[in-house]
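Take a look at the structure set out below.
What follows draws every value from the coordinates through simple rules; no lab data is involved. Only a predicted model underlies this, so the values are computations on that prediction, with no experimental measurement involved. Because the Cβ atoms are built from the backbone with ideal geometry, glycine has one as well, and the counts that use them run over all protein chains shown.
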Amino acid sequence: MPTQTPIEPPRPMEPAAPPKIHRVEVQWHAVTYKTVIVYGLLIAAIILAGMFILFPSLYTAVTRKISTAIESNDSENATGSQTQAKFVNLDGRVQVKKVNSVQWVDADYRTALDKGDLVQTGADGYARVTFADGTFYTVKPGTLITVEENSMASNRPTSVAVRINTGEVDLSTPTWASPGSKAAVSVEDAKAELRPNSRAAVKSDKDTKESEIVVSNGSAQVQRGQDQIEVTQYQKVNIPPGGPISKSDVLAPPELLEPINLTPIIVENPRTAAVHFEWLPCTLNGSPCRMRRPIRCASARPPCSPK
């Protein structure tokens, strides 16, 4: 009897297994800037030590170049700061316009002045400018000046100059280290050069165009065109527009007799104590001058009322 192998029904296909995903693991280690700097310095020290041992001549040349570069940079910065004019005192509104700028900016103690810069003070503004040679210019309120010259070559005579466009400037000169140094101030078409250890007050009126120079210490030379005038202590020069220059003496401040300058005054009650002030009689052109009131004051508190 014939037999037949039973036929099995087809089995359902199993779904394919999803692909295996391999995870990526990242590990890191935080390093501070301090650690990086320490390792950098350590590597540099190892390199320099190796150069010193293996190549002593190369080590010497490299260190010499590094030190020379540092010194030259420092000297350039020092020279630049020593040759520029700067403000040492500012009060009220003071503005500066640089020679290569069209804007006025407020002045501060970091402002450096170069040739061609403008300085302007307001109605309540005061500014004291010092140059590298020790010359001081005190700019009074309502004044406009121009830095005309600032020559500070080493081991050579220095030369500084300021032009007063309008207003008033006081200037003082020191004992210059280089003979032949100059400090000048110009007004309109005249120029005054001060000698060492001199003080002067210079004024220029913008309305009348008349200028005035008063020397309170030392001497100066005033020049306009071919005319030159020597001005000494307590003398004044008037420079009218278009007219001749005139020179005259001014009243010198009286010399204090009592109390002696900078002498401490010790009293029991400073509010009510009377302090006696007395000065030498003033003279003008060698003759006694007449005062509107005696120069004697018994008040110890300002304002002092002469008696």
Exercise. Residue by residue through the range 183-196, which ³J(HN,Hα) values in whole Hz follow from phi under the Karplus form 6.51 cos²θ - 1.76 cosθ + 1.60 (θ = phi - 60°), with glycine and proline marked x?
Worked result: 9, 10, 9, 10, 9, 6, 10, 10, 9, 10, 10, 8, 8, x
Problem set entry | Over 24 Å between alpha carbons, listed pairs Lys182/Lys206; Lys98/Lys209; Lys206/Lys236; Lys86/Lys140; Lys97/Lys206; Lys182/Lys209 | Lys182/Lys206; Lys98/Lys209; Lys182/Lys209
Problem set entry | Positive-end extreme of charge dipole, the range 84-249 - chosen from Thr173, Ala123, Val215 (charges on Cβ) | Thr173
Exercise. Pulled fully out, how much extra length does the chain show between Arg93 and Gln27, if you take 0.36 nm times their separation in residues and subtract their Cα-Cα distance?
Worked result: 17.6 nm
Exercise. Sorted from fewest to most neighbouring beta carbons within 10 Å, what does the list Leu251, Leu144 look like?
Worked result: Leu251, Leu144
Exercise. Out of residues 5 or more away from Glu278 or on other chains, whose amide H comes under 5 Å of its own, with H placed 1.01 Å from N in the peptide plane?
Worked result: Leu257, Glu258
Problem set entry | Per principal axis, descending, Cα span of the range 110-213 in whole Å | 42, 30, 20
Exercise. Of the listed peptides 191-199, 85-93, what is their order by residue-averaged count of other C-beta atoms within 10 Å, with the highest listed first?
Worked result: 191-199, 85-93
For this session: Show the residues, 5+ positions off or on another chain, whose built amide H is closer than 5 Å to the amide H of Ala183.
Result: Val160, Leu194
Problem set entry | Separation in nanometres of the label points that stand 7 Å from Cα toward Cβ, at Ser57 and Asn269 | 9.1
Seminar exercise, completed: Spelling it out for Ala85: with amide H atoms placed in the peptide plane at 1.01 Å from N, the residues 5 or more places away or on another chain with amide H under 5 Å from its amide H are Leu113
Exercise. Using the eigenvalues of the Cα gyration tensor, what equivalent ellipsoid semi-axes result for the range 164-250 when each is taken as the square root of five times the eigenvalue, whole Å, largest first?
Worked result: 21, 13, 12
